[in-house]
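The values are calculated or read from the model by the stated rules, or taken from the named source; none is laboratory data. Worth saying up front: this structure is predicted, and the values here are computed from it rather than measured. When we count neighbours, we look across all protein chains shown, and the Cβ atoms used for this are built from the backbone with ideal geometry, even at glycine. For accessibility, only protein heavy atoms count, side chains too; no ligands or nucleic acids. Shrake-Rupley method; radii C 1.70, N 1.55, O 1.52, S 1.80 Å.
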Amino acid sequence: MKKKLALVLAGIMTMSLFGSIPVMAEEASGDMDALIEAAKEEGELTVYGSCEEEYLAAACQKFESLYDIKVSYQRLSTSEVYTKISEEAGNPSGDVWFGGTTDPYNEAVAADLLEPYEALNAGNLIGEEYKDPTNCWYGIYKGILGFMANSEELERLGLEAPKTWDDLTKEEYEGLIMLSNPNTAGTAKLIINTMIQMKGHDEAMEYFKALDKNVSQYTKSGSGPSKMVGPGECVIGVGFLHDGIYQILQGYDNIELIVPEDGTSFEIGATAIFKGCAHPNAAKLWIEYALSPDCVDIAKENGSYQFLVISNATQPEEAEQFGLDMNNTIDYDFEDAKNNIAQYVEDFFAALGDSADDRFMTE
């Protein structure tokens, strides 16, 4: 890679200061044993996963082998999961949600679609900010939003890499940028919320109108742009930088990772129980599993290099070596995002008007 970011992730240092917060050992052990037995009696679990499919499959297979509970799973984007459980309203076909940014999870909280659960392993979290205040979701990882640029293509075109969000609107980048579709990807919703919180609503909508002129495609999934940068199908992708790390480790050393100088935000990848699910005890056991090293430590073995928010987990060395700066993030307003993102997405498409065409991928 021609350029490497050289800043150390502050969150890693923070995590090293926190040990696992123990619950009373005998009580916790008894509660967990009872939960495992109840979950085994149900015998089944259905997982909707919004992380990458390789990690989803591995996490489900590990759970199945640990507890002898049959697991069915399906990979869906966060917006697809939210739409599905909204339509099923209280009678969900799945039991738990795993992975993906929390903006759609917060929409589901507001719509009363998630089941509160006070997890025993919540003490493993490095901070209260990594869980829903009502215990409707728990964080398992975090990742920073930024740009991935093909350094070879930029050199060929005689262009410099963008350094700020405003740089993306420069005329020289016309047709060179990809980001995701807010109708299908939570990543795109985070981008919308981030720009509104950084610029204000009206200015953000004007910004998206200008940016749209440079966008060649809005991908279905949030990780879609990262997959297009290395092969040169796009020159600049906007998304989570851990997805860029994965591509670099696949051999695309022409990818430059950029944390925007004017500030950015980070996702919290989460897990939650669907309200009214068919296997509530197996679902609770899944939450305990997801908040443990048994689950999160296998992420790095299956192409996922997010920074973990579980205190007794092992950070992926592959991610640490890139030193992504988490200090340059805004004070993200989760409540505003939860309460207004549906309207903000409508406003986004209204601002783009007739340009909302077949560039918006849904398959």
Inset, instruction - For the chain, calculate the relative contact order in percent as a whole number, restricting contacts to Cα pairs under 8 Å that are 6 or more residues apart. - result: 30 percent
Legend entry - Relative contact order (%) - segment 175-229, alpha-carbon pairs under 8 angstrom, separation at least six: 58 percent
Inset, instruction - Report, in deg cm²/dmol and to the nearest 500, the calculated mean residue ellipticity at 222 nm for the chain, where each DSSP H run with n ≥ 4 adds -39500 (n - 2.57) and the sum is divided by the residue count. - result: -12000 deg cm²/dmol
Legend entry - Gyration tensor verdict on segment 244-286 (Cα atoms; rounded if a/c is under 1.5, prolate if a/b is larger than b/c, oblate otherwise): oblate
Inset, instruction - Divide the volume of the convex hull of the Cα atoms of the chain by its number of residues and quote the answer in cubic angstrom per residue. - result: 120 Å³
Inset, instruction - Using only alpha carbon pairs under 8 Å that are at least six residues apart, calculate the relative contact order of segment 112-240 and give it in whole percent. - result: 32 percent
Inset, instruction - Mind ranking 187-197, 114-124, 201-211 by how tightly packed they are, going by the mean number of other C-beta atoms within 10 angstrom, highest first? - result: 187-197, 114-124, 201-211
Inset, instruction - Show the residues, 5+ positions off or on another chain, whose built amide H is closer than 5 Å to the amide H of L125. - result: S311
Inset, instruction - Output the pairs from K84/K338; K84/K220; K189/K209; K300/K338; K40/K300 with a Cα-Cα distance over 24 Å in this structure; if there are none, say none. - result: K300/K338; K40/K300
Inset, instruction - Can you send over the carbon and sulfur percentage of the accessible area for the chain, probe radius 1.4 Å, protein chains only? - result: 46 percent
Inset, instruction - Note down the net charge around A89, summing +1 for each Lys or Arg and -1 for each Asp or Glu among other residues with Cβ under 14 Å from its Cβ. - result: -3
Inset, instruction - Under 9 Å from the Cβ of H279, count the other residues' Cβ atoms, weight Lys and Arg +1, Asp and Glu -1, and hand me the total. - result: -3
Legend entry - Local net charge near E107, Cβ-Cβ under 10 Å (Lys/Arg +1, Asp/Glu -1): +1
Legend entry - Hz values of 3J(HN,Hα) by residue in segment 204-221 - Karplus curve (6.51, -1.76, 1.60), Gly and Pro given as x: 5, 5, 5, 4, 5, 4, 5, 5, 4, 5, 9, 8, 8, 7, 10, 6, 5, 9
Inset, instruction - Assuming a ≥ b ≥ c are the square roots of the Cα gyration tensor eigenvalues, decide whether segment 89-190 counts as rounded (a/c under 1.5), prolate (otherwise, with a/b larger than b/c) or oblate. - result: prolate
Inset, instruction - Specify the inter-centroid distance of segment 280-330 and segment 203-230, based on alpha-carbon positions, in whole Å. - result: 27 Å
Inset, instruction - Quote the Stokes-Einstein diffusion coefficient, in whole µm² s⁻¹, for segment 89-148, based on the Kirkwood radius over alpha carbon pairs, a temperature of 4 °C and a viscosity of 1.567 mPa s. - result: 100 µm²/s
Inset, instruction - Specify the angular offset, from 0 to 90 degrees and rounded to the nearest 10, of the alpha carbon long axis of helix 78-88 from the longest principal axis of the alpha carbons in the chain. - result: 50 degrees
Legend entry - Dimensions (Å) - segment 252-363, Cα atoms, principal axes, largest first: 48, 44, 32
